[in-house]
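Everything on this sheet refers to the single structure shown next.
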Amino acid sequence: MSLTFHWFLPTNGDSRHVVGGGHGTPASVSGRDRPPTVAYLSRIAGAAEQLGFVGALTPTGAWCEDAWLTTAMVSRHTERLKFLVAFRPGFVSPTLAAQMASTFQRQTGGRLLLNVVTGGESHEQRAYGDFLDKDARYRRTDEFLRIVRDLWGGETVSLDGEHLNVQEASLARVPDPVPEVYFGGSSPAAVEVAARHADVYLTWGEPPAQVAEKIERVRLAAAREGRTPRFGIRLHVITRDTAEQAWSEAFRLLDGFDRETVRSVQAGLARSESEGQRRMLALHGGSRDGLEIHPNLWAGIGLVRGGAGTALVGGHDEVVERIKEYHALGIEEFILSGYPHLEEAYWFGEGVLPRLAAQGLWRHPFQEAVEPAVPAQVPFAR
């Protein structure tokens, strides 16, 4: 089975430094180095498509541009790349969301994937007019996805739920294909919703032992629902021709974190109600020491960025070994990113993917046949 790789569209801005933000914290000023214009994001999307990434994740929240609008515009500059659009169920009606997804599928030739984000920060949700607590948000997400999936199936839906009420809802045209639902979350409430609705369950890049435990929890919960989801992982990546070069780049990024910024971001993230964010914070404890928490797994990004806070760091062969380690646990899809996103897409796409292809673990998704790959040197100035 060929592994699936996705890239990331930095709709909060890009830089040669880590762009912070997320989970209720604002984007850092370095995000102004490369503003998230349609032109720049389209360059990243085009590179990802050419290199063999299946899709590109686009985040959601007050810290970045709107994912639906941005991907709709960027899609016009690509041909085959899919867009993993993050959205929050409480902000639009389920019938409208189902209709938007159906329209997106028709207008892009079936290139929509959905990343459902329930929302772990009550203070940010309130800014959008959502005053439910965390557990209630998950119950609403469950109702939301029930309605959306029934609508996509061509049904006429009436539901008088705890949080959502629709009467005789239907779609004039159902999506073809039906978008796959990606869903993450570490709390018991999140796992139960994922078990019922996720096509792909996502975890952030924790050490393999923690990932294995989470996969087992979701797998058992899904089995009780008669379902078998796939599993994916969200990571940053710093890969170079040698391990020394990769770690030198990681330390360069770390040198750009001033102590006041780290303190401020960590204080903001400490307010998070997200169990996944709590687990990310525990990996580094706000300290610059001991950031390699597993071979080639570096927790430094999480010092200044909410959400995914770990990176695979190493020479191309080392990164391949870590990918194989996660794959052995059941991970089939990898959602990756790196600073800056245009250059790092090439480092990974020309350094790691050919090595995986040579071992029979990956093939270019947009080519009928791939010639035997020879690991390439990335043609960027050192």
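Structural remarks
- Only a single criterion out of (1) in contact (Cβ under 8 Å) with a residue 24 or more places away in the chain; (2) over 22 Å from residue 338 (Cα atoms) is not satisfied by residue 63, namely (2).
- Members of segment 340-363 that are touching a strand residue (DSSP E or B) at 6+ places or on another chain (Cβ under 7 Å) and open to solvent by 10 Å² or more (accessible area, probe 1.4 Å): 347
- When residues of segment 1-33 are limited to those that are touching a Leu at 6+ places or on another chain (Cβ under 8 Å) and surrounded by fewer than 21 Cβ atoms within 10 Å (Cβ to Cβ), the one modelled with the lowest pLDDT: 2
- Leading residue by the ranking (nearest to the chain's Cα centre (by Cα)) among those in segment 55-83 that are assigned to a loop (DSSP other than H, G, I, E, B) and surrounded by 20 or more Cβ atoms within 10 Å (Cβ to Cβ): 59
- Unique residue being open to solvent by 70 Å² or more (accessible area, probe 1.4 Å), over 27 Å from residue 346 (Cα atoms), assigned to a loop (DSSP other than H, G, I, E, B) and in contact (Cβ under 8 Å) with a residue 24 or more places away in the chain when the list is 227, 217, 271: 271
- Residues (more than 20 Å from the chain's Cα centre (by Cα) and more than 22 Å from residue 352 (Cα to Cα)) located in segment 220-247: 220, 221, 222, 223, 224, 225, 226, 227, 228
- Residue satisfying condition, being modelled with pLDDT under 95 and outside any loop (DSSP other than H, G, I, E, B), within set 322, 278, 355: 278
- Qualifying residue in segment 231-249 (condition: surrounded by 22 or more Cβ atoms within 10 Å (Cβ to Cβ) and in a helix (DSSP H, G or I)): yes
- Among all residues of segment 92-99, there is none that is touching a Gly at 6+ places or on another chain (Cβ under 9 Å) and either surrounded by 13 or more Cβ atoms within 10 Å (Cβ to Cβ) or among the polar types (S, T, N, Q) (or both).
- Among (1) open to solvent by 10 Å² or more (accessible area, probe 1.4 Å); (2) within 21 Å of the chain's Cα centre (by Cα) - the single one residue 313 does not satisfy: (1)
Conditions (1) of a type in the set (Gly, Ala, Ser); (2) at pLDDT 95 or above; (3) more than 23 Å from residue 40 (Cβ to Cβ), marked per residue:
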position: 327; (1), (2), (3): no, yes, yes
position: 332; (1), (2), (3): no, yes, yes
position: 336; (1), (2), (3): no, yes, no
position: 341; (1), (2), (3): no, yes, no
position: 347; (1), (2), (3): no, yes, no
position: 350; (1), (2), (3): no, yes, no
position: 359; (1), (2), (3): no, yes, yes
position: 366; (1), (2), (3): no, no, no
position: 370; (1), (2), (3): no, no, yes
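- Verdict on residue 106 being open to solvent by 30 Å² or more (accessible area, probe 1.4 Å) and either within 30 Å of residue 277 (Cβ to Cβ) or touching a Leu at 6+ places or on another chain (Cβ under 6 Å) (or both): no
- Scanning segment 123-182 for residues that are open to solvent by 90 Å² or more (accessible area, probe 1.4 Å) and of a type in the set (Phe, Trp, Tyr) returns 128, 131.
- Among the residues making up segment 252-265, those that are in contact with a helix residue (DSSP H, G or I) (Cβ under 8 Å, 6 or more places away or on another chain) and either crowded, with 19+ Cβ neighbours inside 10 Å or β-branched (Val, Ile, Thr) (or both) are 253, 257, 262, 265.
The values are calculated or read from the model by the stated rules, or taken from the named source; none is laboratory data. Here the structure is a predicted model, which is why all the values come from computation and not from measurement. Heads up, the Cβs are rebuilt from the backbone with ideal geometry, glycines too, and the neighbour counts pull from every protein chain shown. Accessible surface areas use protein heavy atoms only, side chains included; no ligands, DNA or RNA. Shrake-Rupley method; radii C 1.70, N 1.55, O 1.52, S 1.80 Å.
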